[in-house]
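All remarks here apply to the structure that follows.
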Amino acid sequence: MQGFTGFMWLLSTALIIFSGFALVDAATRREDAYRAADKKTKPFWLIVLALAFVVNLIFNILSFLPIIGLVATIVYMVDVRPALRGLPGGGRSRRGGSSSDGPYGPYNGGR
């Protein structure tokens, strides 16, 4: 019985880490990337993934709520995340650079 308890603890910890990673990943993506990928909005995914994370923290793995949270996390990781990463810039926020920067450097207006 002790081996089963240890396995369930390990599985629960893995689910918490998995849903936490998905939540952090969703938070670091740009808002407009979700619309460009034709997925739900960023606040929608942040709420869903935050609920999944909290449910995994509170409830036992044998309950049905963590399984619903796992399904939502898998949907994000398998469907939404690859669509966001397929966008130019990977859907990440731009750090540094100007909005007029092109692929070969800054655009100077033909001067």
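The values are calculated or read from the model by the stated rules, or taken from the named source; none is laboratory data. Values in this document were obtained by computation on a predicted structure and should not be read as measured data. Note: areas computed on protein heavy atoms with side chains; ligands, DNA, RNA excluded. Shrake-Rupley method; radii C 1.70, N 1.55, O 1.52, S 1.80 Å.
At a 1.4 Å probe radius, carbon and sulfur cover how many percent of the accessible area of region 1-82? Write out the running numbers ahead of the final one.
Working: 3820 of 5000 Å².
Whole-percent figure for carbon plus sulfur exposure: 76.
Could you calculate, for region 1-43, the ratio of the Cα radius of gyration to the Kirkwood radius, expressed as Rg to Rh? Please report the intermediate quantities before stating the final value.
Values: Rg = 16.2 Å, Rh = 12.4 Å.
Ratio value, two decimals: 1.30.
Over region 25-70, the Kirkwood radius and the radius of gyration, each from Cα atoms, give a ratio Rg/Rh of 1.10.
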